[in-house]
Amino acid sequence: MAGGGAIGPHSGGRAHLYEYRITPYFIFSCLVGSLGGSLFGYDLGVSGGVTSMDDFLEEFFPKIFRRKQAHLKETDYCKYDSQVLTLFTSSLYFSALISTFGASYVTRRKGRRFSILCGSVSFFLGAVINAAAINIAMLIVGRVLLGIGIGFGNQAVPLYLSEMAPAKIRGAVNQLFQLTTCLGILIANFVNYGVEKIHPWGWRLSLGLAAVPAILMFAGGLFLPETPNSLVEQGRLQEGRFVLERVRGTPKVEAEFQDLIDASNAAKAIRNPFRNLLRRKNRPQLVIGAIGIPAFQQLTGNNSILFYAPVIFQSLGFGSSASLASSAITSGALVLATLISMAFVDKFGRRAFFLEAGAELILCFVAVAITLAVKFGDGKTISRGTGVILVIVIFVFVLAYGRSWGPLGWLVPSELFPLETRSAGQSMVVCVNMIFTAAIAQSFLAALCHLKYGIFLLFAGLIFIMTSFVFFLLPETKQVPIEEVHLLWQNHWFWKRYCEPE
């Protein structure tokens, strides 16, 4: 198989000696820790809906509001093309990519839990400032604080979940982050739909309610245990052993605890984890985990649809309420897809989900492009039947993304890095993800205006490239203990030349 690589009990690890039971303590830790995804998700869902609301546009972007009103009966690819408007969305992600490097230091030195608490405080402040905004400057300041919160949360939460989870169910547990992200998107869309008719301050309620998940995450975070990996990394061995026994539900954790100590000893020899990422033996983690997967996750084009679903549907001739309802349907598909992925990803594996969904994503984007090329543009209005077809195709697309690149884009990188570069590696993951998220957010409406339906063909081509990338370069990581993933590279047809045993 092109993916290559498998390990077992005789490959040099102690994984076959690990024991665990699912305990209430473990369930509580993972559920509270995963709330970090709701911050990211709520913002993804709320920003696109707010930017399509007339009251918001009239107060902050009057030129766009007048353009929209002048062409109210007209469908137009370029109706919302404004770099200042897209800066409202993308400024958060520029902020997140910068803050994640500070988050890396905090996560490594102070622990995953402390980063989660810092992220919730910053996100709360950003939500309050956005809700009270009276000018664009306040909006941007609020978005920057939201971005800092997301930078800390996205840095710490996937690591927290992966380190707390037993290897055999790590995929499902880590995807709690994606599930809460999707639930945040879904709730945000319903909030937007509900407040759209509250004039003139409904948009303030949408933005302000972002404070709710931040409060929940902070309150729960006060009672969270630190991960055993982080405690051992900080030299708190007795406490680390105690937490490991509690989350595994058994005192028989000697094999796993010894692996944590060995990984920690290796980590302490690394003075600069970011520089260590560039070493030859870490080439697979750098290329796949830190750069390839987080970049490709955004280049699927899905977040463009999530950001701007209401704007896209309005541009295609849907009414304001209909566009918000359509975007709520697509976010519902995300939740359903994540539940499917959680149920089966540890059975069928990561590669199978990546490859199967890749073919679906390509077909969906080609179908959208053909439909728009034939039925839309140059003054044409979309019929009700064509509109329904577009919503269905986008629903299928989101369903495929939501069980593959959406959750696996966070799960797989969190599995790949050894302890000595894990925090630095996750910072690179968040940074690259946010660079491409911001770039897509800033450029999508302009690209839609100039490329028209061709933008969907471009995304289809990119998905073909990333599916090939997975097929040839990514080994299967399901049920492999996180401290033994390095053995996969030594057995992989391509990466073994970089990762020969020392």
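Structure data summary
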| read-out | value |
| --- | --- |
| Average accessible surface area per residue within region 432-502, 1.4 Å rolling probe, Å² | 43 |
| Pairwise centroid distance, computed over Cα atoms, of region 483-502 with region 101-152, Å | 37 |
| Backbone HN-Hα couplings from phi across region 19-32 [Karplus 6.51/-1.76/1.60, Hz, Gly and Pro as x] | 10, 6, 10, 7, 10, x, 4, 5, 4, 4, 4, 6, 5, 5 |
| Whole-percent carbon and sulfur share, accessible surface of the chain, 1.4 Å | 68 |
| Low-density loop cleavage sites - chymotrypsin sites (Phe, Trp or Tyr not before Pro) in region 171-225, where at most 16 other Cβ are within 10 Å (DSSP) | 201, 223 |
| Principal axes of region 177-286: Cα extent on each, largest first, Å | 60, 38, 20 |
| Global size of region 143-206 as Cα Rg and Dmax, reported in angstrom | 16.1, 51 |
| Rg and Dmax of the chain, Cα atoms only, in Å | 22.5, 71 |
| Net charge of Cβ neighbours under 11 Å - reference residue 230; Lys, Arg +1; Asp, Glu -1 | +3 |
| Vicinal HN-Hα couplings computed from phi for region 239-245 (Karplus, 6.51 cos²θ - 1.76 cosθ + 1.60; Hz; Gly/Pro x) | 5, x, 5, 4, 5, 4, 5 |
| Difference of contour (0.36 nm per residue) and Cα-Cα distance, residue 279 to residue 239 | 11.2 nm |
| Largest-first principal axis extents, alpha carbons of region 407-502, Å | 53, 27, 23 |
| The chain, relative contact order in percent, only Cα pairs under 8 angstrom and at least six apart counted | 29 |
| Alpha carbon Rg of region 222-302, scaled by the compact-globule rule 2.2 N^0.38 Å | 1.42 |
| Helix-only CD estimate at 222 nm, as mean residue ellipticity for the chain, using -39500 (n - 2.57) per DSSP H run (n ≥ 4) | -23500 deg cm²/dmol |
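The values are calculated or read from the model by the stated rules, or taken from the named source; none is laboratory data. Not measured: the values here are computed from a predicted model. Virtual Cβ from ideal backbone geometry, glycine too; neighbours counted across all protein chains shown. Surface accessibility is based on the protein's heavy atoms, side chains included, excluding ligands, DNA and RNA. Shrake-Rupley method; radii C 1.70, N 1.55, O 1.52, S 1.80 Å.
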